[in-house]
Amino acid sequence: MVNGGQPPWSLVDELPRMNRKKRYKKRAGTGVSAIRLDLDTDGFSYRKWGGVQRCKPRDWLIDNGGDIYTVDAETFANTYTEVSPGRYIKTAKVWAEVAESDGVIQTIEGETHYSAGDYIVYNDEAGLDGYAVSGKEFESMYEPC
């Protein structure tokens with residue numbers, strides 16, 4: 001101990017990076033339009049977020065204020081609630097951390113590239129179902145729990 005009984009290091013600096021995730025919830029009024037791709041299809045691929053995304057049969061097509069993307073069927077069922085026909089809100093909490101540097105995260109649908117300052121977001125505390133969101137967009141859609 002130094003400096004009047006204070007340890008010479010910060011406990012936060014010693015914590016593994018994964019323990020720095022914080023829990024968030026969607027802000028009120030941030031619903032999406034969504035339809036289930038309940039078609040006779042093998043799915044399809046598309047390019048978004050700097051990588052190739054894959055949509056499987058029965059996944060969901062999302063319109064999030066003009067940002068169009070797909071969500072895995074199981075993830076959608078576990079995280080969204082219908083509020084009116086075709087309108088849904090994300091009711092599940094998420095865990096997120098600010099990216100310290102540029103990188104890529106493997107998602108259920110493909111891969112997403114992110115920059116330092118963006119948020120790496122997980123639908124589960126274990127960090128198995130993750131994605132990235134720009135810092136500005138995340139802060140406009142989410143608030144701490």
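Rule-based calculations on the coordinates, nothing more; no lab input. Bear in mind that the values here come from a model prediction, so they are computed numbers and not experimental data. Heads up, the Cβs are rebuilt from the backbone with ideal geometry, glycines too, and the neighbour counts pull from every protein chain shown.
Here is a yes/no grid of residues against (1) acidic (D, E); (2) outside any strand (DSSP E or B):
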| site | (1), (2) |
| --- | --- |
| E74 | yes, yes |
| A77 | no, yes |
| I105 | no, no |
| I108 | no, yes |
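Could you identify the single residue in G43, G66 that is out of contact with any strand residue (DSSP E or B) (no Cβ under 8 Å at 6 or more places or on another chain) and of a type in the set (G, A, S)?
Exactly one residue qualifies, and that residue is G66.
Scan the stretch 33-55 residue by residue and report those that are surrounded by 16 or more Cβ atoms within 10 Å (Cβ to Cβ) and not in a strand (DSSP E or B).
Of everything in the stretch 33-55, those that are surrounded by 16 or more Cβ atoms within 10 Å (Cβ to Cβ) and not in a strand (DSSP E or B) turn out to be L37, W49.
Out of everything in the stretch 88-97 that is touching a strand residue (DSSP E or B) at 6+ places or on another chain (Cβ under 6 Å) and not aromatic (F, W, Y), what residue ends up being farthest from E143 (Cα to Cα)?
Restricting to residues being touching a strand residue (DSSP E or B) at 6+ places or on another chain (Cβ under 6 Å) and not aromatic (F, W, Y), the top hit is I89.
Just the residues that are in contact (Cβ under 8 Å) with a residue 60 or more places away in the chain and more than 15 Å from the chain's Cα centre (by Cα), please, taken from the stretch 46-76.
Matches in the stretch 46-76: G50, G51.
If you scan the stretch 107-145, which residues turn out to be free of Cβ contacts under 8 Å to residues at least 24 places away in the same chain and touching a helix residue (DSSP H, G or I) at 6+ places or on another chain (Cβ under 6 Å)?
Those that are free of Cβ contacts under 8 Å to residues at least 24 places away in the same chain and touching a helix residue (DSSP H, G or I) at 6+ places or on another chain (Cβ under 6 Å): G117, D118, Y119.
Can you say whether P144 is under 19 Å from K25 (Cα atoms) and surrounded by fewer than 14 Cβ atoms within 10 Å (Cβ to Cβ), as far as the supplied structure shows? Steps first, please.
Working: under 19 Å from K25 (Cα atoms): yes; surrounded by fewer than 14 Cβ atoms within 10 Å (Cβ to Cβ): yes.
So P144 passes the test.
Mind listing just one residue for me: the one in the stretch 77-96 that is under 12 Å from the mean Cα position of the chain (by Cα) and more than 25 Å from S45 (Cβ to Cβ) and, of those, surrounded by the most Cβ atoms within 10 Å (Cβ to Cβ)? Outline the logic, then answer.
Of all residues in the stretch 77-96, those under 12 Å from the mean Cα position of the chain (by Cα) come to 79, 90, 92-96.
Then drop every residue that is not more than 25 Å from S45 (Cβ to Cβ), which leaves 92-96.
On the way: A92: 13, K93: 15, V94: 25, W95: 20, A96: 22.
The qualifying residue surrounded by the most Cβ atoms within 10 Å (Cβ to Cβ) is V94.
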